[in-house]
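What follows is a single structure, written as structure tokens, with notes after it.
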Amino acid sequence: MIDAPRVELWAILPVLMLFGGGLIALLASGFARRAAQAPFALFTLAALAAAAASALWLWNRETTTALEGMVSIDRLAVVATLALCGIGAFGAYLGFHYFERDDFRRNEFYALLLFALGGMALLVAAADLIVVFLAVEVLSLALYVMTALTFRRGPTEAAMKYFLLGAFASAFLLYGVAMSYGASATTSVQGLARALTGVGGSQPLALVGALLLVVGLGFKVSLVPFHMWTPDVYQGAPSPVTAFMSAATKVAVFVAMVRVLDVAFGSLAWDLAPAIAVLSAGSMILGSVLAIAQRDVKRMLAYSSVAQAGFILSSFVSPEREGIAAALFYLISYSAAVVGAFGVVMLISGGIREQTGFERFRGLGRRQPVLAALLSVFLLSLAGIPPTAGFVAKVLVFGAATSAGYWPLVLIGALASVAGAFFYLRVIALMAMQEPRGVDIADPSPLPRLVLAVPAVTVVVLGIVPGVIVPLLQEAGVLTW
Amino acid sequence: MIRLPLVLMFSALLFSAGVYGVLARRNAVMVLMAIELMLNAVNVNLVAFSSSLHQMSGQVFALFIIAVAAAEVGIGLAIVILLFRTRESINVDEVNLLKW
Amino acid sequence: MPLDNVVFWVFAPLSVATAIGMIVVRNAVHAALFLVVNFFTIAVMYLLLDAPFLFAVQIVVYAGAIMVLFLFVIMLLGVDRGDAPGERLLGQRTTAVILAVAIVAELATAIRAGIGFTTRAPGGFDAVNPGGNPSALADVLFRDYFFPFEVTSILLIVAAVAAMVLALRRSKSLSQREIETHAGDDLEAYGLAAPGAPGTVGEPSR
Amino acid sequence: MLTEYLPIVAMAVLAVAFGVASLVVSRMFRPHRPNPVKLSPYECGNDPVRLPRGERFSVKFYVVAMLFIIFDIEIIFLFPWAVRFRQLGLFGLVEMAFFIGLVFVAYIYVWRAGGLDWATSVEAPADADLASDSPRDPMAAADEELAAAMHDAEVAGAR
């Protein structure tokens, strides 16, 4: 009898909570075909709370790998899972409000949201390239279906484009994993690191494998040469799905990139850094420039998220602890701002048939002062203006890049953020100084405004007092697996 | 036995044929077929490495890829059918409601 | 052994030819049939690389199930009238060719440089396949990779949800209130409301 | 090593040869006089079911094909498990029980979501009631929606 492997289920407790929640929500949506959405939303929030609690419990577990080396338990995964649960909670509430307003009943939305989050929580804790691939597939498939959930023409096209380019990216990701498997005879991140440092591994194959992995994951976080799908999908998808997708996918995939690039291909860091710097610079410049030319807020936010991905990637050129902590801080502040911004856009755009052109935001300050104020805070943070967390994030990221000696990248980043500030402030000016036109179809209900105040407060508090979480992130930056 | 680089070159050729297929074709179903071709090229690559390294994990991974590809095709074609319902055509170029 | 090389040099060009055929041919059904032949040639490749179980799986899953789905959708949507000839994007084909050739070149150099460490040809598999391929596969699959195996079931569940949510009969999927309050151009696609019906919101959305 | 597969190759060649031969021989000797009645799709005598624009047959065939793939993949994983069932022991049993249990959840959901309901024909969409909020009889809901839509059209026409 072959001895049974040790199964440490406690190691992936958050993932089990999320997948379990997803299964229950799925069965409930199967049996209660016409039930009201409120219990589903509440159950989703409960599952997210349970996952966050179990992630916190993992904080002071000793760092190791579990389940035959497939999953790793470390503080990086815990911080990322907490951020994902936060984003998921907002995604669930915004989705509930969005579907409730037009009484468009799709209870499977909550099951899909939980499955996507489970895939992301697994991705941030993955210690084996096979688990990375499967987690990326689970989260992507769930997101494709969520994008097409309202069957209107826009969302269906967005889902089609997202699917085609997502599958294309997965094929590249796979080819990269196959090459690195060939180079090191193992798919585990730790084994790869050991093989590449020793004589056994074959450097050229591993380098191609790493580049193909960066291409595959670059598609998912919409870095420049692979960002073509982003504006169409962010504009086409329903706003709550866009809010959840833009924030959560970036957190999950960037944390996976940290693990893959810093640990698995650590020894190749010297060869990979120039490629990463080029990708980051390209994303920063093109993202900001293209965003200026937009007449639709969602499309502008899509291009701005391409630029933000560039900023986050610029911290990857320094693989030490400080670079990872800067990336984590940037991810948290970016997620809070972008989820809030898309939430406000959803409230303004008038339900399922969304109109998010600039005319919709003209003179918003007069008609919806609260929404205009909230959106201004989020846009200020995305632009990186001092009182908000976006500014601190940019400082940290550029600090990490300069300490790694990539000061030209920082220069490009500074120029890009100045250009970026222009199109963010233009929207704020549009809301404040102009006269409103057309009928006001903004959503009057007070509860969403309260809910969206939470990310606004986080963004401001993190901006003024970043010391609250920076030391924790420093600890999370220590990577052994 | 066949030499490993030959098989790797063969799968590289298939992979690039798939890449060309995805970029050049305009019919959504044909793009999906090209993606399947790329996944098959990766499978051949993995099995070749598994055979040359005398390990089974390459073949196990290829099995997972086949399972994932099947689920992915199912969802892709469901979206294609939905697209056809709302737009009468699945020509990827005509899907430009959200253009620039 | 000459037999393996002979089989390889027969099936490898055949599968590359069918792959290119699939991409070039106009009619979708012909492309699908090319792909089926390609799947069979790749299945033979697995036989050559000592993976008989994958040979069977490839035929059962790819040629048996996935291609059925492809042909079904082609027939369902009648897309077999073929592609509109001519090019929409400027230089779409040329850039695609350049990209494909670049990838082949890059991979070729990497393979040429990288294969230094395994100079010997892929050896026999009897050392690793004691009880035959499936049982050796089972030992590794259900012992070392048991966790990804369970995650695959989650993937199948998401696929089932997708099939139910997206593909199940959807002609009247819009809720009743939606028809009354948001009668707009989207609804014409469903042939439910005449254009310009009451309740269109403020200014036209397009 | 490949020689052991020769019988399979021989059988495959024979099968293909038989198929092709029968087609060729019948093509050579059968009369060729097509007429519209013969060319219309045969549906056990009654005239073909009218379908929404552009689609040749109902999509529920696609749903069945999709479900077939999902459970086909499940079978594929069962093959190696069954071969090594004895050696995998209790751990293998529990592991496969989880896998089968999870895919069974998918099956229950599909059953409840109406994926397997074959009886309801295309014209009376079983899920019309899914989307409408009032939990009334599905048939009534479908007619009401149609009536509401027609009413909209007349009002628009009258204006």
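The values are calculated or read from the model by the stated rules, or taken from the named source; none is laboratory data. Nothing here was measured: the structure is a model prediction, and the numbers come from that model. Heads up, the Cβs are rebuilt from the backbone with ideal geometry, glycines too, and the neighbour counts pull from every protein chain shown.
Odds and ends about this structure:
- Filtering the range C:23-69 to residues that are among the hydrophobic types (A, V, I, L, M, F, W, C), touching a residue at least 12 places away in the same chain (Cβ under 8 Å) and touching an Asp or Glu at 6+ places or on another chain (Cβ under 8 Å) leaves C:Ala28, C:Val29, C:Leu35, C:Leu48.
- Count of residues meeting criterion [closer than 20 Å to C:Leu156 by Cβ and not in a loop (DSSP other than H, G, I, E, B)] in the range A:142-158: 5
- Highlighted here would be helices (runs of 4 or more DSSP H) found entirely within the range A:323-424 that include at least 2 residues which are touching a strand residue (DSSP E or B) at 6+ places or on another chain (Cβ under 9 Å), at positive phi and free of Cβ contacts under 8 Å to residues at least 12 places away in the same chain, but there are none.
- Qualifying residue in the range A:144-153 (condition: of a type outside the set (Phe, Trp, Tyr), at the interface with chain B (Cβ under 8 Å from one of its Cβ atoms) and over 20 Å from B:Val73 (Cβ atoms)): yes
- The condition of being facing another protein chain (nearest Cβ under 9 Å) and more than 30 Å from A:Val454 (Cα to Cα) holds for only one of A:Leu122, A:Leu134, A:Leu173, that being A:Leu134.
- When we screen D:Arg159, D:Arg112 for residues that are within 14 Å of chain A (Cβ to nearest Cβ) and modelled with pLDDT under 90, the only hit is D:Arg112.
Listed here are the residues, each with its yes/no results for (1) farther than 25 Å from A:Ala135 by Cα; (2) over 17 Å from the mean Cα position of the chain (by Cα).
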{"residue": "A:Arg259", "(1), (2)": "no, no"}
{"residue": "A:Val263", "(1), (2)": "no, yes"}
{"residue": "A:Ala269", "(1), (2)": "no, yes"}
{"residue": "A:Ile285", "(1), (2)": "yes, yes"}
{"residue": "A:Ala293", "(1), (2)": "yes, yes"}
{"residue": "A:Lys298", "(1), (2)": "yes, no"}
{"residue": "A:Ser304", "(1), (2)": "yes, no"}
{"residue": "A:Phe316", "(1), (2)": "no, no"}
{"residue": "A:Leu331", "(1), (2)": "no, no"}
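Residue-wise test of (1) surrounded by 24 or more Cβ atoms within 10 Å (Cβ to Cβ); (2) more than 9 Å from every other protein chain (Cβ to nearest Cβ); (3) without any contact (Cβ under 8 Å) to a residue 12 or more places away in the chain.
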position	(1), (2), (3)
A:Val7	no, no, no
A:Leu13	no, yes, no
A:Met17	yes, yes, no
A:Ile24	no, yes, no
A:Ser29	yes, no, no
A:Arg34	no, no, no
A:Pro39	no, yes, yes
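- If you go through the range B:5-26 and keep only what is more than 14 Å from the chain's Cα centre (by Cα) and either closer than 18 Å to A:Tyr181 by Cβ or crowded, with 24+ Cβ neighbours inside 10 Å (or both), you end up with B:Pro5, B:Val7, B:Leu8, B:Met9, B:Phe10.
- Filter result for B:Phe84 (among the aromatic types (Phe, Trp, Tyr) and surrounded by fewer than 24 Cβ atoms within 10 Å (Cβ to Cβ)): yes
- Residue count, the range A:59-96 (criterion: surrounded by 20 or more Cβ atoms within 10 Å (Cβ to Cβ) and either out of contact with any helix residue (DSSP H, G or I) (no Cβ under 9 Å at 6 or more places or on another chain) or not in a helix (DSSP H, G or I) (or both)): 9
- The one condition from (1) crowded, with 24+ Cβ neighbours inside 10 Å; (2) of a type outside the set (Ser, Thr, Tyr); (3) within 23 Å of A:Ser188 (Cα to Cα) that A:His227 does not meet is (3).
To keep it simple, each residue is scored yes or no on (1) farther than 30 Å from A:Thr64 by Cα; (2) touching a residue at least 24 places away in the same chain (Cβ under 8 Å); (3) basic (Lys, Arg); (4) touching a strand residue (DSSP E or B) at 6+ places or on another chain (Cβ under 9 Å).
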{"position": "A:Val138", "(1), (2), (3), (4)": "no, no, no, no"}
{"position": "A:Leu141", "(1), (2), (3), (4)": "no, no, no, no"}
{"position": "A:Met146", "(1), (2), (3), (4)": "yes, yes, no, no"}
{"position": "A:Gly176", "(1), (2), (3), (4)": "no, yes, no, no"}
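- Among the residues listed as B:Arg3, B:Arg85, the single one being over 30 Å from A:Tyr234 (Cβ atoms), within 8 Å of chain C (Cβ to nearest Cβ) and modelled with pLDDT under 85: B:Arg3
- Single unsatisfied condition, A:Phe104 versus (1) facing another protein chain (nearest Cβ under 7 Å); (2) within 21 Å of A:Met346 (Cα to Cα); (3) assigned to a helix (DSSP H, G or I); (4) of a type outside the set (S, T, N, Q): (3)
- Whether a residue is within 27 Å of C:Phe55 (Cβ to Cβ), of a type outside the set (S, T, N, Q) and modelled with pLDDT of 85 or more was assessed, and D:Leu67 passes this test.
- Of the set (1) surrounded by fewer than 16 Cβ atoms within 10 Å (Cβ to Cβ); (2) more than 28 Å from A:Ile73 (Cα to Cα), all apply to A:Val468 but (2).
- With respect to being more than 7 Å from chain B (Cβ to nearest Cβ), more than 30 Å from C:Gly132 (Cβ to Cβ) and at pLDDT 90 or above, C:Ala43 falls outside the description.
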